[in-house]
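**Student:** Next up is a structure, given as structure tokens.
Throughout, read-outs are computed from the coordinates displayed, never taken from laboratory work. Keep in mind that what you see is a predicted model, and the values were worked out from it rather than measured. When we count neighbours, we look across all protein chains shown, and the Cβ atoms used for this are built from the backbone with ideal geometry, even at glycine.
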Amino acid sequence: MSEGDVQNIVKKQVLIELAKNMGITEQQITTMFALKKAKTTSKQIKTLRSLIAQKRRRTQTNSGDCNETFEQITEAQLLSYLQAGWQIVKELQSGDIIVKR
């Protein structure tokens, strides 16, 4: 295992702990890894950073957390999101779809 691999594993663990401290559950993290098809450590790090940034934005909006998560996804991703309990909010002209949990 290279030094870069070890650094990425440590980054992932730190981001997981940060996410948990922000109220993101282990199940939410695992679900997002599956939905984003994040199988490599670097893709999981990217997914974690996205989740954390999204949580920060939601917390800052209107001085509180609306307890809903929104994602812009493609039609190809839709079935996976619906099976994970997400709801359709709007279909965009581009063909992308806004969903919420």
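**Student:** For Lys43, give me every one of the lysines with a C-alpha distance below 20 angstrom, ignoring sequence neighbours fewer than eight places off in its own chain.
**Tutor:** Lys11, Lys12, Lys20, Lys55
**Student:** Let me ask something else. Which net charge results for the neighbourhood of Lys36, defined as the other residues with beta-carbon distances under 9 angstrom from its beta-carbon, given Lys and Arg at +1 and Asp and Glu at -1?
**Tutor:** Computed value for this residue: +3.
**Student:** Please give the net charge around Lys90, taking every other residue with its beta carbon less than 14 angstrom from that of Lys90, where Lys and Arg add +1 and Asp and Glu add -1.
**Tutor:** Net charge around Lys90: -4.
**Student:** Here's something else I'd like to know. Given +1 on the Cβ of Lys and Arg, -1 on the Cβ of Asp and Glu, and no further charges, what dipole in debye does the chain carry about its Cα centre, rounded to the nearest 20?
**Tutor:** 160 debye
**Student:** Next question, about the same structure. In whole angstrom, how long is each semi-axis of the equivalent ellipsoid of the chain, when you take the square root of 5 times every eigenvalue of its Cα gyration tensor and sort them from largest down?
**Tutor:** Semi-axes, largest first: 25, 18, 11 Å.
**Student:** Please compute the net charge surrounding Leu78, taking Lys and Arg as +1 and Asp and Glu as -1 over other residues with Cβ under 11 Å from its Cβ.
**Tutor:** For residues surrounding Leu78, the net value is -4.
**Student:** Let me ask you something else. Do the sum for the chain: with -39,500 (n - 2.57) for every DSSP H run of n ≥ 4, divided by all residues, what is the mean residue ellipticity at 222 nm, to the nearest 500 deg cm²/dmol?
**Tutor:** Rounded to the nearest 500, the figure is -18500 deg cm²/dmol.
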